[in-house]
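Down below is the structure, laid out as structure tokens.
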Amino acid sequence: MHRFFVDPDCFVGDRVVLPESIAHQIRSVLRLRPGAAIVVLDNTGWEYEVLLHQVDRQQVVGEAMAKRPCPNEPTVQLTLYQALMKRDKFEWVLQKGTEIGVTHFVPLVTQRSLVQEVDIKEGKQLRWEKIITEAAEQSRRGCIPTLHAPQTLAEALAAQSAQPGLIAWEAAQGLTIRKALGGDGERPLRISLFIGPEGGFAAEEVATAQAAGLQSVTLGKRILRAETAALVAAALVLHELDVI
Ligand code: SAH
């Protein structure tokens, strides 16, 4: 069944009026007809099975037949601090990270990031949000991951200081994600993961992160591209912490 995130305002009681972008998709791309069922999500973790009543040029309207909590959200909140890199690589991380289960994305400006601006143009922000939303629909997420404004490494370290954090560093010796997170200790409900840009983190950036309480972890003996590292590390963190 096709899945769509809508603003909770689209609901009036059990009746849901789909916004034009989704109405267009239903009417002209998927060519669904009255009587077809879709899943609508309100981005608070609930999903509704909706029967379409009206599909025409004026509007697309349905009725919620059943409501249930979406069971597919990870049980740990994973914030991926990803150093800004080439546009297509960064967008790939947003899309695949959403599929894997990242809950928050923070673009990071580091010493060696190709992009050094902290201001993201509105068009780019909307494009990134669209990529994340579509990936969340496709992968059957219950909530759309949050895309935060870019931060410098110093800002990010200050903002995340209350939760455990890992920084992937190719020069880290021995500490794997499994060793860092496994064991009998209490399972964190939130965790931060820092991935560097194409050129890697500078040694003093890693030292600053360690001083702020992050653990530097290795992803193995091979050097991964930044975008590969992001996804491998996110998957490994969720493998250790997400109770299925
Ligand atoms: N320029 C560096 C590699 C940077 S890889 C060099 O050639 O030596 C880009 C990012 O991916 C790094 O900042 C790190 O966060 C992550 N990364 C890649 N391979 C890794 C590995 N084997 N262990 C830990 N982190 C890794």
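Below, the figures for the structure above:
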item: Region 56-71, residues that are free of Cβ contacts under 8 Å to residues at least 60 places away in the same chain and either in a strand (DSSP E or B) or among the small types (Gly, Ala, Ser) (or both); result: 60, 61, 62, 63, 64, 65, 66, 67, 68
item: Residue in region 158-181 that is nearest to the ligand (Cβ to nearest atom), counting only those that are under 21 Å from the mean Cα position of the chain (by Cα) and at pLDDT 95 or above; result: 168
item: Those residues of region 207-243 which are in contact with a Ser or Thr (Cβ under 8 Å, 6 or more places away or on another chain), more than 13 Å from residue 179 (Cα to Cα) and touching a residue at least 60 places away in the same chain (Cβ under 8 Å), in sequence order; result: 242, 243
item: Residue match in region 74-88 (condition: in contact (Cβ under 8 Å) with a residue 60 or more places away in the chain, in contact with an Asp or Glu (Cβ under 6 Å, 6 or more places away or on another chain) and closer than 30 Å to residue 15 by Cα); result: yes
item: Strands (runs of 3 or more DSSP E) completely within region 78-195 that count 1 or more residues being under 23 Å from residue 44 (Cβ atoms) and open to solvent by 20 Å² or more (accessible area, probe 1.4 Å); result: 104-109, 190-195
item: Region 196-205, residues that are within 25 Å of the chain's Cα centre (by Cα) and either at pLDDT below 95 or open to solvent by 20 Å² or more (accessible area, probe 1.4 Å) (or both); result: 198, 199
item: Criterion: assigned to a helix (DSSP H, G or I) and within 12 Å of the ligand (Cβ to nearest atom) - qualifying residue of 237, 206; result: 206
item: Number of positions in region 206-224 that are in contact with a helix residue (DSSP H, G or I) (Cβ under 8 Å, 6 or more places away or on another chain) and open to solvent by 50 Å² or more (accessible area, probe 1.4 Å); result: 3
item: Pair list, Cβ < 6 Å and 6+ apart or interchain, from region 185-198 residues that are within 16 Å of the ligand (Cβ to nearest atom) to residues that are part of a loop (DSSP other than H, G, I, E, B) and hydroxyl-bearing (Ser, Thr, Tyr); result: 197/110; 197/113
item: Any hit, region 46-55, residues being open to solvent by 50 Å² or more (accessible area, probe 1.4 Å) and touching a residue at least 40 places away in the same chain (Cβ under 8 Å); result: yes
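The values are calculated or read from the model by the stated rules, or taken from the named source; none is laboratory data. Note that the coordinates shown come from a computational prediction; the quantities given were computed from them, not determined experimentally. We place every Cβ from the backbone using ideal geometry, glycine too, and count neighbours over all the protein chains shown. To get the accessible areas, we keep the full protein, side chains included, count just its heavy atoms, and leave off ligands, DNA and RNA. Shrake-Rupley method; radii C 1.70, N 1.55, O 1.52, S 1.80 Å.
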